[in-house]
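Taking it in order: structure first as structure tokens, then the write-up.
Any read-out appearing in this document is the output of simple, stated calculations on the displayed coordinates, not a laboratory observation. What you see is a predicted model, and the numbers here were worked out from it, not measured in a lab. FYI the Cβ positions are ideal-geometry reconstructions off the backbone, even for glycines, and counts take in every protein chain you see.
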């Protein structure tokens, strides 16, 4: 039997020679069919900490991602509307926004599967879509929707993508084992994907994109639809990726996830970035330290809002509750009129609502 | 080997500008199909053997008893070689239409593959190449079955796998193009009834096209299956002339060029918005 579990004689008849991926030939033959020059070395041994040093020989000033005035229209619908975004290498950026904000369309444009109507996109110095293939060789993509081959085993799924990512033959087994280790699926190599739990499948989907040790990882809603416990398991996986110094662009509509995993977040609404920064700084800037939640009494929700707005406080309404941002600045006299609030720490969702008037989830 | 060396081997090599069309990418797509085939080869092989056997039993013994010779061939010789070509068409075009559509529309396979450094042209070529290789092997099965039924091939029969491969490549590309044109599973009814049936009947498989009206004979000249049948039958019985080889091969190659362009163009429209 061959390594593909097909009788060897049949294997030889059909293929003639065994697939060798990029194993046997020297490096030039793996990519360089046209005699182009070496661009840069791959990611070096994982640096410790967050400050990933650029690979030797590589450009130091090239942003991992740069989008300038990007517009994407589908007929009369404008999904992305003048998006400007730059992500430095070694950064984990959370792209936070509600459904329909344009996050997935942006992700698709970055992978070359959707073409921008206007604007410029550059990934690791490669112009998209002209050099999309080159960029894709250096990045890994975790899609929002599971597209694993369900009939194949965990190991076969990874092996398949090791071919597509041109992982050299002599390093293929190590790459697959590393991926399974990272996904905590070492003892599940022979398990059919269809038999895996939702969390396991998602972990496999993530490590599948890491087989070739990409310098940039795009994650489109990596934990969407998973229960909180499984989501937290995946956070550990993304943390491991951070510690390897890879640049990560992760779209999400989970506030907690963006705060927990990102160095910076970019808040996206109606196809454009409305604010960007370090989560804690954004919260401090737009929502203060605490939020006071008032339950409407005799004065009603509108009455509460009127009183708060009169004193210049931004509010958000949730059912019969009105939340006032920068609650630490509410004077005692006003509190006496509003009633006793429930106080909590301000978060990114408050920032988002303050800036756009929309809820993220 | 030290641990350090092993780790280094697992990383991709130097990132060099990839070519516009890379055999490595095509090989990756084919390798993927090969792994999938590892799960289904028993069923595929069963169908490849049983189907032509039933055809040969039914037509060979049934029709063969009524028809002595046809166009200078015994009926089993005529039919056996015709079924090789039909088998090639079904082995390549049918999965190209169905599987490619399912992968694109429901399994999101191409979304995953195209996120890797693989382009549409390489996907199309890889998919078609795999189906052609499969057709090259399985296309020979009906010939072996026909031999068991009394067909006596000449040495030219050794060219059948190559002819089956080329014809299979053409039909696979044709199927991929169709799959990227249709928008729903229901549309496949039009393809199977309106395209497959006339294609394999008006090709000299079960009866010679010379028995058909002139306009149908002219239409058969544009049917790639007709040219595949002529090449297979001619090579098995040593009746090919340089002129006929040039004509039939030329038509098949031109068909491949046309279908490859159409399949790449249409598939790109479907998977890149």
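List of remarks:
- Rg and Dmax of the protein assembly as shown, Cα atoms only, in Å: 30.4, 110
- FRET E, pair residue A:274, residue A:224, Förster distance 22 Å, beta-carbon r, rounded to 0.05: 0.55
- Take each residue of peptide B:106-112, count the partner chain Cβ atoms within 10 Å of its Cβ, and average: the result is 5.
- Inter-label distance, nm, simple model (7 Å from Cα along the C-beta direction), residue A:232/residue B:44: 4.6
- Radius of gyration and maximum dimension Dmax of the stretch B:33-271, Cα, Å: 17.9, 58
- Three-way shape call for the stretch B:55-122 based on the alpha-carbon gyration tensor, with the a/c threshold at 1.5: prolate
- Full extension of the chain between residue B:159 and residue B:66 gives 30.4 nm of extra length, using 0.36 nm per residue less the Cα-Cα distance.
- As a calculated quantity, the FRET efficiency between residue B:246 and residue B:197 at R0 = 41 Å, using C-beta atoms, amounts to about 0.85.
- Reduced Cα scattering model of the stretch A:289-345, Debye log10 I(q)/I(0), q = 0.17 Å⁻¹: -0.42
- Ordered by the number of other Cβ atoms lying within 10 Å of each residue's own Cβ, fewest first, B:53, A:105 fall into the sequence B:53, A:105.
- Residues B:235, A:104, sorted so that the one with the fewest Cβ neighbours within 10 Å comes first: A:104, B:235
- Order of A:259, A:186, A:329, B:230 under a 10 Å beta carbon neighbour criterion, fewest first: A:186, A:329, A:259, B:230
- Beta bridge orientation in the stretch A:122-279: antiparallel %, DSSP, nearest 5: 45
- Mean shadow area of the stretch A:65-279 over all directions, Cα convex hull, nm²: 11.4
- Taken along the Cα-to-beta-carbon direction at a fixed 7 Å, the label points for residue A:310 and residue B:239 span 10.3 nm.
- Cα long-axis angle, helix B:242-271 against chain B (0 to 90 degrees, to the nearest 10): 40
- Span per principal axis, largest first, for the Cα atoms of the stretch B:206-273 (Å): 49, 27, 19
- Two-site label geometry, residue B:273 and residue A:130: point separation in nm, points 7 Å out along Cα→Cβ: 2.6
- Put the Cα centre of the stretch B:134-158 next to the Cα centre of the stretch B:166-185 and the gap is 25 Å.
- Expressed to the nearest 5 percent, the antiparallel share of DSSP beta bridges inside the protein assembly as shown is 70 percent.
- Per residue, the convex hull around the alpha carbon atoms of the stretch A:161-249 comes to 103 Å³.
- Given R0 = 51 Å, the distance between the Cβ atoms of residue A:186 and residue A:284 translates into a calculated FRET efficiency of 0.75.
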